[in-house]
Structure formats: C-alpha cells, structure tokens
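Report on the following structure.
The values are calculated or read from the model by the stated rules, or taken from the named source; none is laboratory data. Fair warning: this is a prediction, and the values are worked out from it, not measured in the lab. When we count neighbours, we look across all protein chains shown, and the Cβ atoms used for this are built from the backbone with ideal geometry, even at glycine.
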Amino acid sequence: MTATPIRLLIVDDHPLVREGIRQALTVEGFTVLADVGSAEEALTVLRTAPPDLVVMDITLPGMSGIEATEQIRRAHPAVRVLVLSVHDHPEYVLESVRAGASGYLRKDSMPDALRAAVREIHAGRTMFPPSKGGATEVAAPILTAAAQRLDLLTRRERDVLIGIASGRTNKEIAAGLVLSVRTVESYRETLMGKLGIRSTAGLTRFAIEAKLL
C-alpha cells in the first residue's frame, strides 16, 4: 500500500526561491499544495486547505515568519512548521523554537537535507542546529550570552528596550523618557539591528533573559 504523501505549503516572498523549494520537494512522497509570498496568504490557505507541514521563511513583507508560526501553531496545532532562512544567528533559531516551529534549516542547505528535515518533522521529531537535539541545545548558549550582549547597548537603548518589553507603546515610551516618538522608533530599529532580533516579541524575550525586567 502506497504511503500518503506529505502535504506541504511553501511560504517565501521571492518567486525564484519558492520555485526552487517547490522543485526540491516535487518528488515521490511529497505534495506541494501551494506556494505563497506572504504570511497573510499562508494563513488564508491554511483556513481552506491545511497542509501537514509549512516551509516558512522568516523575513516576509508584513507579518514575519516567526509571528505567522505562532498563529499557525495556535490555530492549527496539528500543522508543523519548518523554518527555512538565510539567517544563522542563534536568536532567530531560539525565536523559532519559542514560536512553535519543529525545525530550522538554512536556505543554502542541500535539497536532500531539506527533504530529510521534512520527513523527520512529519514523523514527529525536531530538526534544529547543531543536531536533532532541538531547543535545549540551541537555547543554552543564547541564554548564557544574553547578559553579555547588553554591553552592545547604550543606557538610553536599554531604557527603550525596557519600555518595549513592558508592553508600552512608542508614544508612552517617548513620554516617559522625554523623547520624540520618532526618536523612540529610531531606537527600536537600532535595537533590532544590534541584537539581530526582528520582532517585538523577540525583544521582550531578550529583555527577560538579560534580567532587565
């Protein structure tokens, strides 16, 4: 009896990359249901034809892949997510773990590695660097280094980070620090650049790990 193919949804904002991923996964044992260019499109597909697994880019227009993964896991707990990204910074891996992804793979991996990761995740296992051990191996060095990374930030940047992590709006942070809203927005962008974190949730987690709260 032939096994049921693994049903896949590909999410990447670059058409050429989507086509490459589709070709790598257009083999026996896999069925690509759709490929889309944004998280919003992915969520629409999931409402009508949920796949078994989503191959998710991190950097997307609008909603990020991390945020999309969190929404997918909440709304469709049976659907697994493999994050496929050009980024290799440990923070991205940790954010993916916490968002509920089951695996993380670099885009420069070989097609065989992608197919193997999909099979492992579909079988109920996880695939995170540096090995299949998963979240604990990835998270440990990041948590240890969080306090040290605070040295990258100025006092004012730390103040803005505390405001962000406390759930305050840019306007509220600006009022508390006697700054303009535009200046706070600039600090927010600087924080994301220095720390390699691309979401408010990620900044909040970092602040907690660095014991700023």
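What about residue 176, is it outside any helix (DSSP H, G or I) and out of contact with any His (no Cβ under 9 Å at 6 or more places or on another chain)?
Spelling it out, it is not the case that residue 176 is outside any helix (DSSP H, G or I) and out of contact with any His (no Cβ under 9 Å at 6 or more places or on another chain).
If the requirement is being crowded, with 19+ Cβ neighbours inside 10 Å and either over 23 Å from the mean Cα position of the chain (by Cα) or closer than 22 Å to residue 97 by Cβ (or both), which of these qualifies: 208, 173?
Only one candidate qualifies: 173.
Can you pull out the residues in the range 96-144 that are under 15 Å from residue 80 (Cα atoms), over 17 Å from the mean Cα position of the chain (by Cα) and either modelled with pLDDT under 80 or in a loop (DSSP other than H, G, I, E, B) (or both)?
If the condition is that a residue be under 15 Å from residue 80 (Cα atoms), over 17 Å from the mean Cα position of the chain (by Cα) and either modelled with pLDDT under 80 or in a loop (DSSP other than H, G, I, E, B) (or both), then 123, 124, 125 are the ones that fit.
Please work out if residue 185 is in contact (Cβ under 8 Å) with a residue 24 or more places away in the chain and in a helix (DSSP H, G or I).
no
Where the second residue is modelled with pLDDT under 90 and of a type in the set (Ser, Thr, Tyr) and the first is in the same structural domain as residue 89 (by TED's automatic domain parsing) and more than 21 Å from residue 79 (Cβ to Cβ) and lies in the range 102-123, which pairs have Cβ atoms under 6 Å and are six or more apart or on separate chains?
Within 6 Å, no pair qualifies.
Determine, yes or no, whether residue 31 is hydroxyl-bearing (Ser, Thr, Tyr), over 19 Å from residue 69 (Cβ atoms), modelled with pLDDT of 95 or more and surrounded by fewer than 17 Cβ atoms within 10 Å (Cβ to Cβ).
yes
Only one of 22, 73 is in a helix (DSSP H, G or I), under 18 Å from residue 113 (Cβ atoms) and not hydroxyl-bearing (Ser, Thr, Tyr); which?
One residue alone meets the criteria, 22.
Is there a residue being aliphatic (A, V, I, L, M), closer than 15 Å to residue 103 by Cβ and within 11 Å of the chain's Cα centre (by Cα) anywhere in the range 70-79?
no
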